[in-house]
Amino acid sequence: HLKAPHTGMQGRAVSLVSSGTYLASLAHTAGRLGCTRSVVVTRGIRSRPFDPLHHSGSSSTASYASVFPRHCHRRAAPETPETGRRRLSLSAAACLTRTLTATAAMARISDEEASGLVGDVFFLDEFAMRQWDDPSYGGTRFPGFDKAEFVRRIHEAHAAGAGLVDGYAPFCKHVFVPNFVAATKVGAIAITKENQHLLRSGYSARSAAELPVLTRWFPEADVEIPDATFLDVILYSRGQLELERAAMASKQERPALPDAPWGIISVKGQTEDYECPMTPITIMRNALGRDEGGSGVPVDREKYDASVEYHTHHAPLVAADSPNGE
């Protein structure tokens, strides 16, 4: 067995190895021995064994940090020096790539857990982080509120009785809680004769991987915005998020999802304690399928008609010049 230097560091999977030089040396040596698999375990945190190409998702605790090859057996001598050198080079490169990938994924997961973005039931998905980090997000934003504190408060509300309410598909749920974020406004307002001349429209996309769509919005600075009295916390199951990642090439290189069963994918500030209809274009995007950024749920005509009725009379708010998608 080959063991990494003991670093004494805790809480970050990146401490599993001391340097890139050590990793290169490990991969080279493992390649010479015919390494077929690597396992990564961590010290002092909830850790996860790794197949080189797939995160198993199980949990364990180790008393020391190590990176070691398993099933290593010496190969027979190469038939020629040239084929031997080529085989060793490819083996070392493959071992290094797999070890780096596993370590990077572990670092991301442990970072999220350490920072409070992951709990027993919920985790803050990167899709929802736009509401903290993107000034062009169209809807409710929380730029000054701590992400970890938000996740903690949702866990507290759920433990106190705020249950999971069914959404538009089995993998979608809602948690409705009284608004606890000071100064948070609603994400959309009614269109009136007095403000309709302030509406803006344009094409934009939520990400580079998705098709731009036509949207309309109110500039925040131009209209009066009521305070939100409730938060609609929208959840997708971890399994659904995995399926959506697998369907889009641009998402397949992202770090593994946390183990919590429900990801917070969006939060709507509103004055109602029930679900308001999603926009018609979002319903249509979902029907396009996961490879176009949707969920794969077909159009429900009754829900689509309800969405059109609601959004004929409401429009989202945007702080920037234009939104990033609907």
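The values are calculated or read from the model by the stated rules, or taken from the named source; none is laboratory data. It should be emphasised that the depicted structure is a prediction, and the values quoted were computed from it without experimental measurement. Glycine also receives a Cβ, built like all others from the backbone with ideal geometry; neighbour counts cover every protein chain displayed. For the accessible areas, the whole protein counts, side chains as well, though only heavy atoms, and no ligand, DNA or RNA atoms are used. Shrake-Rupley method; radii C 1.70, N 1.55, O 1.52, S 1.80 Å.
Within region 162-171, can one find any residue that is at pLDDT 90 or above, under 19 Å from ASP259 (Cα atoms), surrounded by 18 or more Cβ atoms within 10 Å (Cβ to Cβ) and in contact with a helix residue (DSSP H, G or I) (Cβ under 7 Å, 6 or more places away or on another chain)? Yes, that holds for at least one residue.
Would you confirm whether or not region 257-268 contains a residue that is part of a loop (DSSP other than H, G, I, E, B), at pLDDT 95 or above and of a type in the set (Phe, Trp, Tyr)? Checked against the condition, which is being part of a loop (DSSP other than H, G, I, E, B), at pLDDT 95 or above and of a type in the set (Phe, Trp, Tyr), region 257-268 yields no hits at all. Could you tell me which residue of region 151-161 is surrounded by the fewest Cβ atoms within 10 Å (Cβ to Cβ), considering only residues that are more than 14 Å from PHE230 (Cα to Cα) and free of Cβ contacts under 8 Å to residues at least 60 places away in the same chain? It comes out as GLY161. Counting the residues of region 290-326 that are among the charged types (D, E, K, R) and in contact with an Asp or Glu (Cβ under 8 Å, 6 or more places away or on another chain) gives 2.
Against the conditions (1) within 19 Å of the chain's Cα centre (by Cα); (2) acidic (Asp, Glu); (3) under 29 Å from ALA315 (Cβ atoms), ASP166 satisfies every one except (1). Condition first: in a loop (DSSP other than H, G, I, E, B) and in contact with a helix residue (DSSP H, G or I) (Cβ under 7 Å, 6 or more places away or on another chain). Can you find one or more residues in region 232-249 that meet it? Scanning region 232-249, I find at least one residue that is in a loop (DSSP other than H, G, I, E, B) and in contact with a helix residue (DSSP H, G or I) (Cβ under 7 Å, 6 or more places away or on another chain), so the answer is yes.
Quick check: is even one residue across region 253-263 among the basic types (Lys, Arg), surrounded by fewer than 17 Cβ atoms within 10 Å (Cβ to Cβ) and touching a residue at least 24 places away in the same chain (Cβ under 8 Å)?
Within region 253-263, one or more residues are among the basic types (Lys, Arg), surrounded by fewer than 17 Cβ atoms within 10 Å (Cβ to Cβ) and touching a residue at least 24 places away in the same chain (Cβ under 8 Å).
With respect to the conditions (1) open to solvent by 20 Å² or more (accessible area, probe 1.4 Å); (2) in contact with an Asp or Glu (Cβ under 9 Å, 6 or more places away or on another chain); (3) under 17 Å from GLY269 (Cβ atoms), PRO135 falls short on a single one, namely (2). Among residues belonging to region 271-310 that are closer than 20 Å to THR229 by Cα and touching a residue at least 40 places away in the same chain (Cβ under 8 Å), point out the one that is surrounded by the fewest Cβ atoms within 10 Å (Cβ to Cβ). Per the stated criteria, the residue is TYR274. Considering region 143-161, the residues that are at pLDDT 95 or above and in a loop (DSSP other than H, G, I, E, B) include one that is farthest from ASP120 (Cα to Cα), namely PHE145. Here ALA205 fulfils each of the conditions (1) over 30 Å from ALA182 (Cβ atoms); (2) touching a residue at least 60 places away in the same chain (Cβ under 8 Å); (3) open to solvent by 40 Å² or more (accessible area, probe 1.4 Å) apart from (3).
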